[in-house]
Amino acid sequence: NSEALLSLLNVAAPQTFVGQEPTVGDYLIASAQQIELQFADQPTFRARALAEVGNGLINLGRFQDAQKVLLRALTNAHQAKLSPESTFQLMRLLADTMDPPSELALALTWSDKINALLDRAPSSAGINALSTISNTLSKHAERPHLQANLSRMDSLIGVLALNVSDRENLLRQRGKISMRQHQFIQAMRYFSESAAAQQAHGAALSAMRVA
């Protein structure tokens, strides 16, 4: 969240920017480096703090920088044995950083990892992560893998209770995927359901999500 993100800015060593006018992105990257140095024995904190930094970099459009930070966050999450839900949330953020034409192999690798974790811990957060990485794959028309993911999502939706945020994200991602597959009527249905979820539960969603 924004408060946690602002507090992380204080971690960056001031001497790093002596005589410079750093951007917010520069501060976030410096914060990530200091987090790993100053909290080397606290993998749980590192994972969560780096997730905040990565999310901030995504919002700034610095996707490659965000990807590096989030990959480190996932390494720390593994060391700290974070819950599957926390790991899925990190995976979803990571999926947002990938550019399929140049990073298709990376996207496929993480799609497989999301599916593997879903095998062990099916959850609303897992479907959220799977829908996001599937949207990423759809940009490259990776049909066999994508269709397998879509089928899995459809099977899990019937047996899992999705929270408001995860359901809205799923509907929005499915709308984008349908658009890329030229299934425009289906896309309109997904987007309409997403808009309805936002209207009904806007207070539970971030302002940036609704926008």
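The values are calculated or read from the model by the stated rules, or taken from the named source; none is laboratory data. Predicted model, so just to flag it, every value in this text is computed and none were measured. These area figures cover heavy atoms from the full protein model, side chains too; ligands, DNA and RNA do not enter into them. Shrake-Rupley method; radii C 1.70, N 1.55, O 1.52, S 1.80 Å.
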For K81, counting only lysines whose alpha-carbon sits under 21 Å away and dropping same-chain residues fewer than eight positions off, the answer is K68, K113
Can you give the translational diffusion coefficient of region 71-211 in µm²/s, computed by Stokes-Einstein from the Kirkwood radius over Cα pairs at 20 °C and 1.002 mPa s? 140
In vacuo Debye sum over C-alpha of region 49-131, base-10 log of normalised intensity I(q)/I(0) at q = 0.16, 0.24 Å⁻¹, listed in q order, is -0.55, -1.21
Check cross-link reach from K139 to the lysines: straight Cα distance under 18 Å, and skip same-chain residues fewer than eight apart. K176
How many Å² of accessible area per residue for region 53-211, probe 1.4 Å? 48
